[in-house]
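One structure below.
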Amino acid sequence: MLYIFDLDGTLVETYGIRPLDGIPVRLAKLQAEGHVMAVATNQAGPAWGLATGDGKYPQPRELGERFREIAKVLPQLATIPWFVSVGDPRLSLDTSAYTQLIRAFQAAGEPLDLHLSADPRWRKPGPEMLHAACAYYELPPEQAVFVGDYETDAAAAAAAGVTYISIEQFL
Ligand SMILES: [Mg+2]
């Protein structure tokens with residue numbers, strides 16, 4: 001089975017690096033049982049920062065660092081694909097701005113296996129990040145579950161044909 005995880009509020013405290021209670025044990029158990037895993041997270045903060053010039057949003061470098069710190073605390077995440085939606089259709093950033101943002105984010109996250117896209121269909125509640133995770137493992141949506149904490153996670157799972165499990169149910 002493929003377990004796809006939302007990041008903030010699911011694996012770790014929102015905008016932090018501290019895992020939710022129970023997550024380290026659950027991830028280790030899934031790995032031991034032979035399940036495969038992926039992360040699917042909306043991270044449009046850098047795009048908002050770029051579009052608005054507002055310093056309250058994280059830079060790509062900060063997000064890349066945060067992801068690497070998380071993978072130190074949750075070592076299973078160091079070797080699995082992360083699907084990251086960096087776009088937001090509410091913003092009018094052009095393709096070259098997104099290309100630069102993705103390049104900076106990718107470099108900051110190395111050596112993590114980051115798959116980044118500004119395609120609006122990737123952004124949850126859209127289904128395409130979950131489909132990308134299934135395609136990576138060559139598994140149909142029926143063999144995947146998505147664990148999340150928010151209504152857009154449930155909606156993305158429904159749109160993708162993937163079973164949804166809330167974090168409360170999962171832990
Ligand atoms: Mg979340």
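Below is a table of values for the structure above.
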{"item": "Number of positions in segment 159-169 that are assigned to a helix (DSSP H, G or I) and within 11 Å of the ligand (Cβ to nearest atom)", "result": "1"}
{"item": "First in segment 135-157 and on the phi < 0 side of the Ramachandran plot and in a strand (DSSP E or B), second anywhere and near the ligand (Cβ under 10 Å from one of its atoms) and of a type in the set (D, E, K, R), Cβ under 9 Å, 6 or more apart", "result": "146/6; 146/153; 147/6; 147/153; 148/6; 148/124"}
{"item": "Subset of segment 1-33 that is assigned to a strand (DSSP E or B) and near the ligand (Cβ under 10 Å from one of its atoms) - its residue that is farthest from residue 134 (Cα to Cα)", "result": "12"}
{"item": "Matching helices (runs of 4 or more DSSP H) fully within segment 34-125 where at least 3 residues are among the basic types (Lys, Arg)", "result": "60-73"}
{"item": "Extreme residue, farthest from residue 74 (Cα to Cα), among residues of segment 1-34 that are of a type in the set (D, E, K, R) and more than 14 Å from the chain's Cα centre (by Cα)", "result": "33"}
{"item": "Residue 125 within 25 Å of residue 158 (Cα to Cα) and without any contact (Cβ under 8 Å) to a residue 60 or more places away in the chain", "result": "yes"}
{"item": "Residue in segment 86-100 that is within 16 Å of the ligand (Cβ to nearest atom) and either touching a His at 6+ places or on another chain (Cβ under 7 Å) or of a type in the set (Asp, Glu) (or both) present", "result": "yes"}
{"item": "Per-region count, segment 138-158, residues surrounded by 17 or more Cβ atoms within 10 Å (Cβ to Cβ) and away from the ligand (no atom under 16 Å from the Cβ)", "result": "2"}
{"item": "When residues of segment 35-57 are limited to those that are free of Cβ contacts under 8 Å to residues at least 40 places away in the same chain and crowded, with 17+ Cβ neighbours inside 10 Å, the one nearest to residue 110 (Cα to Cα)", "result": "45"}
{"item": "Selection from segment 1-29 of residues that are closer than 21 Å to residue 143 by Cβ and without any contact (Cβ under 8 Å) to a residue 40 or more places away in the chain", "result": "29"}
{"item": "Residue in segment 100-109 that is modelled with pLDDT of 95 or more, within 26 Å of residue 54 (Cα to Cα), among the small types (Gly, Ala, Ser) and touching an Asp or Glu at 6+ places or on another chain (Cβ under 7 Å) present", "result": "yes"}
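The values are calculated or read from the model by the stated rules, or taken from the named source; none is laboratory data. Quantities reported herein were computed from a predicted structural model and do not represent experimental measurements. All Cβ positions, even for glycine, are placed from backbone atoms using ideal geometry, and neighbour counts span all protein chains on display.
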